[in-house]
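Colleague: Mind having a look at this structure? Questions to follow.
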Amino acid sequence: MASEDGASIRAIDIIYEILDELEEDVRKLQADRRKSVEVYNYNGISEAVQFLDELGFSNRFGLSGTDLYKFHRLNGTVNISVLRQLASRLMTLMREAEGTIRSIADTSRKTLAPEDSSSSDPPEKALQVVAIEWVRNDRAQNAELIAELTELLDEAVSRASNTNLPPDKAAFTEFQRKALIDLLETALQMLKAPLVEKGLLKRLGNAAEEGANTAVKKGAEIGLGLALKRVLELLTRFTDLL
(Lines give C-alpha, C1' and ligand atoms only; values in the text may rest on other atoms or scores of the structure.)
Protein backbone atom coordinates (compact mmCIF):
# COMPACT_ATOMS: atom_id res chain seq x y z
CA MET A 1 0.00 0.00 0.00
CA ALA A 2 1.02 3.62 -0.40
CA SER A 3 -0.44 6.91 0.76
CA GLU A 4 -2.52 8.61 -1.90
CA ASP A 5 -2.32 12.05 -0.33
CA GLY A 6 -0.92 14.80 -2.49
CA ALA A 7 1.00 16.15 0.45
CA SER A 8 3.06 13.46 2.13
CA ILE A 9 1.84 12.40 5.57
CA ARG A 10 4.67 10.25 6.82
CA ALA A 11 2.62 8.73 9.65
CA ILE A 12 0.13 7.36 7.11
CA ASP A 13 2.95 5.90 5.05
CA ILE A 14 4.28 4.17 8.18
CA ILE A 15 0.83 2.72 8.90
CA TYR A 16 0.55 1.33 5.36
CA GLU A 17 4.02 -0.18 5.58
CA ILE A 18 3.10 -1.93 8.83
CA LEU A 19 -0.28 -3.03 7.45
CA ASP A 20 1.44 -4.68 4.50
CA GLU A 21 3.58 -6.75 6.87
CA LEU A 22 0.63 -7.39 9.17
CA GLU A 23 -1.48 -8.76 6.31
CA GLU A 24 1.38 -11.05 5.35
CA ASP A 25 1.54 -12.29 8.96
CA VAL A 26 -2.22 -12.99 8.94
CA ARG A 27 -1.75 -15.19 5.88
CA LYS A 28 1.15 -17.01 7.56
CA LEU A 29 -0.94 -17.57 10.69
CA GLN A 30 -3.66 -19.34 8.70
CA ALA A 31 -1.16 -22.02 7.71
CA ASP A 32 0.75 -22.20 11.00
CA ARG A 33 -0.15 -25.37 12.94
CA ARG A 34 2.19 -24.89 15.90
CA LYS A 35 0.77 -24.35 19.39
CA SER A 36 3.20 -21.52 20.18
CA VAL A 37 5.68 -19.47 18.18
CA GLU A 38 8.60 -17.10 18.73
CA VAL A 39 7.40 -13.52 18.39
CA TYR A 40 10.27 -12.63 16.02
CA ASN A 41 8.72 -14.96 13.43
CA TYR A 42 5.89 -12.45 13.00
CA ASN A 43 7.57 -9.13 12.38
CA GLY A 44 4.45 -7.31 11.18
CA ILE A 45 2.58 -8.12 14.38
CA SER A 46 5.56 -7.02 16.47
CA GLU A 47 5.86 -3.72 14.58
CA ALA A 48 2.14 -3.05 14.90
CA VAL A 49 2.26 -3.75 18.65
CA GLN A 50 5.18 -1.38 19.15
CA PHE A 51 3.67 1.34 16.94
CA LEU A 52 0.22 1.22 18.57
CA ASP A 53 1.67 0.95 22.07
CA GLU A 54 3.44 4.27 21.45
CA LEU A 55 0.04 5.76 20.55
CA GLY A 56 -1.54 4.54 23.79
CA PHE A 57 -3.56 1.60 22.40
CA SER A 58 -1.94 -1.20 24.42
CA ASN A 59 -4.87 -1.52 26.85
CA ARG A 60 -6.93 -2.73 23.89
CA PHE A 61 -4.57 -5.48 22.75
CA GLY A 62 -5.93 -8.10 25.11
CA LEU A 63 -2.33 -9.01 25.99
CA SER A 64 -0.83 -9.70 29.37
CA GLY A 65 1.99 -7.41 30.45
CA THR A 66 4.39 -10.34 30.06
CA ASP A 67 3.38 -11.00 26.46
CA LEU A 68 3.48 -7.29 25.60
CA TYR A 69 7.05 -7.15 26.91
CA LYS A 70 8.00 -10.07 24.62
CA PHE A 71 6.95 -8.08 21.54
CA HIS A 72 9.02 -5.10 22.62
CA ARG A 73 12.06 -7.32 23.19
CA LEU A 74 11.33 -9.45 20.09
CA ASN A 75 12.09 -12.42 22.26
CA GLY A 76 9.89 -15.16 23.72
CA THR A 77 7.03 -17.41 22.68
CA VAL A 78 3.31 -16.67 22.44
CA ASN A 79 0.40 -19.07 22.09
CA ILE A 80 -0.74 -19.22 18.46
CA SER A 81 -4.41 -18.65 19.36
CA VAL A 82 -3.43 -15.50 21.26
CA LEU A 83 -1.46 -14.37 18.23
CA ARG A 84 -4.40 -14.90 15.87
CA GLN A 85 -6.73 -12.89 18.10
CA LEU A 86 -4.10 -10.20 18.47
CA ALA A 87 -3.55 -9.91 14.71
CA SER A 88 -7.27 -9.30 14.17
CA ARG A 89 -7.36 -6.60 16.85
CA LEU A 90 -4.24 -4.96 15.44
CA MET A 91 -5.76 -4.67 11.96
CA THR A 92 -8.74 -2.85 13.45
CA LEU A 93 -6.61 -0.62 15.65
CA MET A 94 -4.26 0.31 12.82
CA ARG A 95 -7.25 1.43 10.75
CA GLU A 96 -8.53 3.40 13.73
CA ALA A 97 -5.12 5.05 14.13
CA GLU A 98 -5.13 5.88 10.42
CA GLY A 99 -8.51 7.59 10.78
CA THR A 100 -7.33 9.61 13.77
CA ILE A 101 -4.17 10.70 11.99
CA ARG A 102 -6.10 11.63 8.84
CA SER A 103 -8.48 13.73 10.92
CA ILE A 104 -5.51 15.66 12.30
CA ALA A 105 -4.17 16.32 8.80
CA ASP A 106 -7.61 17.19 7.41
CA THR A 107 -8.27 19.66 10.22
CA SER A 108 -4.94 21.33 9.56
CA ARG A 109 -5.68 21.72 5.85
CA LYS A 110 -9.09 23.26 6.57
CA THR A 111 -7.81 25.76 9.14
CA LEU A 112 -4.50 26.74 7.55
CA ALA A 113 -4.65 30.43 6.59
CA PRO A 114 -3.35 31.46 3.13
CA GLU A 115 -0.75 33.73 4.63
CA ASP A 116 0.81 30.88 6.62
CA SER A 117 4.05 29.85 4.95
CA SER A 118 4.72 26.55 6.78
CA SER A 119 7.38 25.65 9.27
CA SER A 120 9.86 28.12 7.77
CA ASP A 121 8.04 30.91 9.63
CA PRO A 122 9.82 32.12 12.79
CA PRO A 123 8.48 29.92 15.62
CA GLU A 124 8.70 32.86 18.01
CA LYS A 125 5.82 34.55 16.20
CA ALA A 126 3.62 31.45 16.14
CA LEU A 127 4.07 30.65 19.82
CA GLN A 128 3.90 34.15 21.32
CA VAL A 129 1.43 34.30 24.24
CA VAL A 130 -0.56 37.51 24.81
CA ALA A 131 -2.98 37.89 27.72
CA ILE A 132 -6.52 38.65 26.53
CA GLU A 133 -9.20 37.81 29.04
CA TRP A 134 -9.24 36.45 32.58
CA VAL A 135 -12.39 34.50 33.46
CA ARG A 136 -13.66 32.51 36.43
CA ASN A 137 -12.71 28.84 36.59
CA ASP A 138 -15.49 26.94 38.38
CA ARG A 139 -13.33 24.08 39.62
CA ALA A 140 -16.19 22.35 41.44
CA GLN A 141 -18.56 22.30 38.47
CA ASN A 142 -15.82 21.38 35.98
CA ALA A 143 -13.93 19.00 38.29
CA GLU A 144 -14.23 15.90 36.09
CA LEU A 145 -13.20 17.69 32.90
CA ILE A 146 -10.33 19.48 34.65
CA ALA A 147 -9.06 16.15 36.03
CA GLU A 148 -9.15 14.56 32.56
CA LEU A 149 -7.48 17.57 30.96
CA THR A 150 -4.82 17.67 33.67
CA GLU A 151 -4.00 14.01 33.07
CA LEU A 152 -3.66 14.62 29.32
CA LEU A 153 -1.48 17.71 29.84
CA ASP A 154 0.76 15.68 32.14
CA GLU A 155 1.05 12.98 29.47
CA ALA A 156 1.88 15.54 26.78
CA VAL A 157 4.55 17.18 28.96
CA SER A 158 6.08 13.78 29.71
CA ARG A 159 6.15 12.76 26.05
CA ALA A 160 7.56 16.11 24.91
CA SER A 161 10.22 16.12 27.63
CA ASN A 162 11.44 12.54 27.39
CA THR A 163 12.12 12.01 23.71
CA ASN A 164 15.50 10.50 22.92
CA LEU A 165 15.32 11.08 19.17
CA PRO A 166 18.22 12.90 17.49
CA PRO A 167 17.33 16.42 16.29
CA ASP A 168 17.07 15.38 12.63
CA LYS A 169 14.55 12.66 13.50
CA ALA A 170 12.44 14.62 16.01
CA ALA A 171 9.15 16.30 15.13
CA PHE A 172 10.10 19.61 16.77
CA THR A 173 13.09 21.88 17.03
CA GLU A 174 14.48 22.47 20.51
CA PHE A 175 12.92 25.95 20.57
CA GLN A 176 9.51 24.62 19.52
CA ARG A 177 9.71 21.82 22.08
CA LYS A 178 10.62 24.19 24.93
CA ALA A 179 7.87 26.66 23.96
CA LEU A 180 5.31 23.84 23.78
CA ILE A 181 6.34 22.44 27.17
CA ASP A 182 6.17 25.92 28.71
CA LEU A 183 2.61 26.37 27.41
CA LEU A 184 1.54 22.93 28.63
CA GLU A 185 3.04 23.44 32.09
CA THR A 186 1.55 26.93 32.40
CA ALA A 187 -1.89 25.55 31.52
CA LEU A 188 -1.45 22.81 34.13
CA GLN A 189 -0.85 25.39 36.83
CA MET A 190 -3.67 27.61 35.60
CA LEU A 191 -6.24 24.81 35.86
CA LYS A 192 -5.65 24.78 39.64
CA ALA A 193 -6.46 28.52 39.94
CA PRO A 194 -9.83 30.26 40.38
CA LEU A 195 -9.16 32.34 37.23
CA VAL A 196 -7.91 31.23 33.81
CA GLU A 197 -6.59 33.33 30.96
CA LYS A 198 -8.51 32.51 27.78
CA GLY A 199 -5.85 33.99 25.51
CA LEU A 200 -3.26 31.52 26.77
CA LEU A 201 -5.68 28.61 26.42
CA LYS A 202 -6.36 29.67 22.83
CA ARG A 203 -2.62 29.79 22.11
CA LEU A 204 -2.20 26.36 23.66
CA GLY A 205 -5.01 25.05 21.48
CA ASN A 206 -3.30 26.46 18.38
CA ALA A 207 0.06 25.02 19.43
CA ALA A 208 -1.54 21.61 20.16
CA GLU A 209 -3.18 21.55 16.72
CA GLU A 210 0.03 22.59 14.94
CA GLY A 211 2.08 20.13 16.99
CA ALA A 212 -0.26 17.23 16.23
CA ASN A 213 -0.14 18.00 12.51
CA THR A 214 3.66 18.33 12.51
CA ALA A 215 4.06 14.96 14.24
CA VAL A 216 1.83 13.03 11.82
CA LYS A 217 3.27 14.70 8.73
CA LYS A 218 6.83 13.94 9.79
CA GLY A 219 5.94 10.49 11.13
CA ALA A 220 7.89 11.27 14.30
CA GLU A 221 6.69 11.44 17.93
CA ILE A 222 3.24 10.36 16.75
CA GLY A 223 2.26 9.42 20.30
CA LEU A 224 2.86 13.04 21.32
CA GLY A 225 0.89 14.18 18.29
CA LEU A 226 -2.17 12.14 19.28
CA ALA A 227 -1.87 13.31 22.88
CA LEU A 228 -1.88 16.91 21.62
CA LYS A 229 -4.97 16.18 19.53
CA ARG A 230 -6.78 14.94 22.64
CA VAL A 231 -5.57 18.01 24.54
CA LEU A 232 -7.09 20.21 21.83
CA GLU A 233 -10.43 18.37 21.97
CA LEU A 234 -10.72 18.63 25.77
CA LEU A 235 -9.42 22.19 25.79
CA THR A 236 -12.16 23.17 23.34
CA ARG A 237 -14.79 21.61 25.63
CA PHE A 238 -13.29 23.37 28.65
CA THR A 239 -13.12 26.85 27.09
CA ASP A 240 -16.72 26.49 25.86
CA LEU A 241 -17.75 26.24 29.52
CA LEU A 242 -15.96 29.42 30.58
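Colleague: Computing the accessible area with a 1.4 Å probe over protein heavy atoms, can you report the carbon and sulfur percentage for the stretch 1-97?
Modeller: Using a 1.4 Å probe with all protein chains present, the stretch 1-97 comes out at 46 percent carbon and sulfur.
Colleague: Let me ask something else about it. Of the listed values (1) 1.03; (2) 1.07; (3) 0.99, grab the one calculated as Rg/Rh (Cα atoms, Kirkwood Rh) from the structure here.
Modeller: (1)
Colleague: What is the chain's relative contact order, in percent, from Cα pairs under 8 angstrom and six or more apart in sequence?
Modeller: Value for the chain: 25 percent.
Colleague: Round to a whole number: what % of the accessible area of the stretch 143-199 belongs to carbon and sulfur, probe 1.4 Å? Numbers along the way, then the final one.
Modeller: Details: 1690 of 3050 Å².
Its accessible area is 55 percent carbon and sulfur atoms.
Colleague: So, one more: Using the heavy atoms of the protein chains and a 1.4 angstrom probe, tell me the accessible area per residue for the stretch 28-78 in square angstrom.
Modeller: Details: 2770 Å² over 51 residues.
Accessible area per residue, the stretch 28-78: 54 Å².
Colleague: Would you mind getting the accessible area per residue of the stretch 154-242, heavy atoms of the protein chains only, 1.4 Å probe, in Å²? Present the calculation step by step, with values, prior to reporting the outcome.
Modeller: Working: 4030 Å² over 89 residues.
Here the per-residue accessible area is 45 Å².
Colleague: Here's another thing I want to ask about it. Can you list the HN-Hα couplings for the stretch 168-180, worked out from phi with the Karplus curve (6.51, -1.76, 1.60; θ = phi - 60°), rounded to whole Hz and with x for Gly and Pro?
Modeller: Rounded to whole hertz, the list is 6, 10, 7, 7, 10, 6, 4, 5, 4, 5, 5, 5, 5.
Colleague: Heavy atoms only, probe 1.4 angstrom, no DNA, RNA or ligands counted: give me TYR40, TYR16 ranked by accessible area, highest first.
Modeller: Largest accessible area first, the residues go TYR40, TYR16.
Colleague: Quick one: how many Å² of ARG95 are accessible to a 1.4 Å probe, rounded to 10?
Modeller: Rounded to the nearest 10, that gives 100 Å².
Colleague: Also, I was wondering about something else. Which ³J(HN,Hα) values in Hz, rounded to whole numbers, follow from the phi angles of the stretch 144-156 under the Karplus curve 6.51 cos²θ - 1.76 cosθ + 1.60, where θ = phi - 60° and Gly and Pro get x?
Modeller: Ordered by residue, 3J(HN,Hα) equals 5, 5, 5, 4, 5, 5, 4, 4, 5, 5, 4, 4, 5 Hz.
Colleague: Quick check: the distance between the Cα centres of the stretch 188-242 and the stretch 146-166, to the nearest angstrom?
Modeller: 11 Å
Colleague: Could you work out the helix-only [θ] at 222 nm for the chain, with each DSSP H run of four or more residues adding -39,500 (n - 2.57) and the total divided by the number of residues, to the nearest 500 deg cm²/dmol?
Modeller: Estimated from H runs of four or more residues: -21500 deg cm²/dmol.
Colleague: Turning to a different aspect of this structure: What are the ³J(HN,Hα) couplings of the stretch 44-50, residue after residue, when phi is run through the Karplus curve with 6.51, -1.76, 1.60 and θ = phi - 60°? Round to Hz, x for glycine and proline.
Modeller: Per residue, the Karplus-derived 3J(HN,Hα) values read x, 5, 4, 5, 5, 4, 5 Hz.
Colleague: Right, next: Between LEU90, LEU149, LEU63, which gets the highest mean-square fluctuation from a Gaussian network model of the chain, Cα cutoff 10 Å?
Modeller: Maximum fluctuation in the GNM of the chain, among the listed residues, is at LEU63.
Colleague: Once you have a ≥ b ≥ c as the square roots of the Cα gyration tensor eigenvalues for the stretch 187-242, tell me rounded if a/c is under 1.5, and otherwise prolate or oblate according to whether a/b is larger than b/c. Kindly include the intermediate steps, with their values, before the conclusion.
Modeller: On the way: a/c = 2.62, a/b = 2.45, b/c = 1.07.
Note, shape of the stretch 187-242 comes out prolate.
The values are calculated or read from the model by the stated rules, or taken from the named source; none is laboratory data. Quantities reported herein were computed from a predicted structural model and do not represent experimental measurements. Accessible surface areas use protein heavy atoms only, side chains included; no ligands, DNA or RNA. Shrake-Rupley method; radii C 1.70, N 1.55, O 1.52, S 1.80 Å.
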